[in-house]
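S.K.: Got a structure for you, questions after.
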Amino acid sequence: MEGFEELQRKLSHIAQVEEQLFQEVDDCGQFVQDDARLRAPVDIGDLRKSIQHTTERKGSEIVSTVHTNSDHALYVEFGTGPVGASNHAGAAPESDVSYSHEKWIGVIPELKSDTDAGIRYIAGQAAQPYLYPALKENEEQIMKKLDGSIEKMLEDIFDG
């Protein structure tokens, strides 16, 4: 059959496309992870170290998720208390975050002394977004990379 071998060659390349696309999406997830780590504020560094990414197949989609399991990650990203409620610029606008609007009493160990119990009213902290900006500010670059990769894969299949 004329052209059958050419068709078989093209079909075998198509089978490789999903694996190549998976790697491209994973690379983009790694890029966003790296950027989020650079943006995360540092005290002792545990928040930065906790930022990871996972790429997986979900049905017909390939999804890369940048995430953290840090117990204070959300407080840093969105802020806390009245201060966070009034200063959360740069955080994901569609997030449904609820803030306490009252100050609370806390003990600040660094302030404890023989004459000071370290008890203070705390008004919270401003948001210091690092995850959302790492994605949104790189979104156009990521889409161009993926579009270019898909275009090249298709050219290799149909022109190669």
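The values are calculated or read from the model by the stated rules, or taken from the named source; none is laboratory data. If you're wondering where the values come from, they're calculated on a predicted model, not measured in any experiment. Here the Cβ positions follow ideal geometry from the backbone for every residue, glycine too, while neighbour counts run over all protein chains shown.
S.K.: Exactly one of (1) more than 16 Å from Gly29 (Cβ to Cβ); (2) among the basic types (Lys, Arg); (3) touching a helix residue (DSSP H, G or I) at 6+ places or on another chain (Cβ under 9 Å) is unmet by Lys145. Its number?
M.R.: (1)
S.K.: Restricting region 38-48 to residues that are touching a Lys or Arg at 6+ places or on another chain (Cβ under 7 Å) and surrounded by 12 or more Cβ atoms within 10 Å (Cβ to Cβ), which is nearest to Pro133 (Cα to Cα)?
M.R.: Ala40
S.K.: Taking region 122-149, which residues are among the hydroxyl-bearing types (Ser, Thr, Tyr) and closer than 25 Å to Leu47 by Cβ?
M.R.: Across region 122-149, the qualifying residues are Tyr130, Tyr132.
S.K.: Let me ask another. Consider Glu94 carefully, then state whether it is within 30 Å of Gln33 (Cα to Cα), modelled with pLDDT under 95 and of a type in the set (Asp, Glu).
M.R.: yes
Matching residues to (1) within 21 Å of the chain's Cα centre (by Cα); (2) of a type in the set (A, V, I, L, M); (3) in the same structural domain as Asp147 (by TED's automatic domain parsing):
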site: Gln30; (1), (2), (3): yes, no, yes
site: Ile51; (1), (2), (3): yes, yes, yes
site: Gly59; (1), (2), (3): no, no, yes
site: Thr68; (1), (2), (3): yes, no, yes
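S.K.: Specify the residue that is surrounded by the fewest Cβ atoms within 10 Å (Cβ to Cβ); the eligible residues are those in region 49-87 that are β-branched (Val, Ile, Thr) and in a helix (DSSP H, G or I).
M.R.: The qualifying residue surrounded by the fewest Cβ atoms within 10 Å (Cβ to Cβ) is Val83.
S.K.: So is Ile51 hydrophobic (A, V, I, L, M, F, W, C), out of contact with any Gly (no Cβ under 7 Å at 6 or more places or on another chain) and modelled with pLDDT under 95 or not?
M.R.: Judged against the criteria, Ile51 is not a match.
S.K.: On the basis of being surrounded by 11 or more Cβ atoms within 10 Å (Cβ to Cβ) and modelled with pLDDT under 95, does Gln30 make the cut?
M.R.: no
S.K.: Within region 54-75, how many residues are farther than 23 Å from Val97 by Cβ and not polar (S, T, N, Q)?
M.R.: Total meeting the criteria: 7.
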